[in-house]
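*Asks:* Right, I'll just put the structure down here and ask away after.
The values are calculated or read from the model by the stated rules, or taken from the named source; none is laboratory data. Treat the numbers as computed from the prediction; the structure is a model and nothing was measured. Because the Cβ atoms are built from the backbone with ideal geometry, glycine has one as well, and the counts that use them run over all protein chains shown. What goes into the accessible areas is simple: the full protein's heavy atoms, side chains included, and nothing from ligands, DNA or RNA. Shrake-Rupley method; radii C 1.70, N 1.55, O 1.52, S 1.80 Å.
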Amino acid sequence: MTIEYITRAAGQLKRKYAEEDPFRLAQAMNILLLPYSLGKDSQSLKGFFAVWCRKPVIVYNDDLPLQLQRIIIMHEIAHSILHREEAAVKYFHNFRIFDILSQTEYEANIFTAEYLLDDAAVLTCIKNGMNASQIARELCVPPELLNFKLKIMKVRKLLPSYFQIDTRSSFLKDI
């Protein structure tokens, strides 16, 4: 899938449901959310998407901070949209959520970044002289998620040429 295809799918979903909150979005999409205590260490399961008895289900780790739960749920919603035919359970741990080596994870990350981060908000931060780390803090997202959004904006030629993109992908490593 191309970045254009994925971002178009994210935009269509956003327009259809007009819902910014991943918890409420999942509910509107009739996806069952199941919170489980799965641990807080770096090897703990963060969540997964599956289809059980024709019912889409997202299991997520409710031991994690709410902001990370929100990102995990959106990431799994992305799998439900982009990879439904591959509905084999998609588990992920610390290194998998923003793993750029797995095509399906990469696509879900692009979708998540596009859905959760607004172009205008990112550009405002850039115009205010913030670097990527400062923007991530300002927008309350991990730097790795912001990097996916910056890559999208670069493809769309929305990013100023002077702005540098960090390509690390170690999200959730230390949680």
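*Asks:* Ordered by residue, what ³J(HN,Hα) values in Hz, to whole numbers, does region 151-156 give under the Karplus form 6.51 cos²θ - 1.76 cosθ + 1.60, where θ = phi - 60° and Gly and Pro are x?
*Replies:* Going residue by residue, I get 4, 4, 5, 5, 4, 7 Hz, with x marking Gly and Pro.
*Asks:* What FRET efficiency would be calculated for the residue pair SER133, LYS40, taking the C-beta separation as r and a Förster radius of 25 Å, to the nearest 0.05? Could the numbers behind the result be given before it?
*Replies:* Working: r = 24 Å, r/R0 = 0.95.
Computed FRET efficiency for SER133 and LYS40 comes out at 0.60.
*Asks:* Give the ranking of MET1, MET130, MET153 by solvent-accessible surface, highest area first, calculated with a 1.4 Å probe. Walk me through the numbers on the way to the answer.
*Replies:* Details: MET1 100, MET130 45, MET153 0 Å².
My answer, sorted largest first, is MET1, MET130, MET153.
*Asks:* Oh, and also: Subtracting the Cα-Cα distance from 0.36 nm times the residue separation, let me have the gained length for LEU158 to LYS14 in nm, one decimal. List each step's numbers first, then the result.
*Replies:* On the way: separation 144, 0.36 × 144 = 51.84 nm, distance 2.02 nm.
Contour length minus the Cα-Cα distance gives 49.8 nm.
*Asks:* Another question, if that's okay. Could you rank CYS53, CYS125 by how accessible they are, 1.4 Å probe, largest area first?
*Replies:* Reading off the accessible areas and sorting them downward yields CYS53, CYS125.
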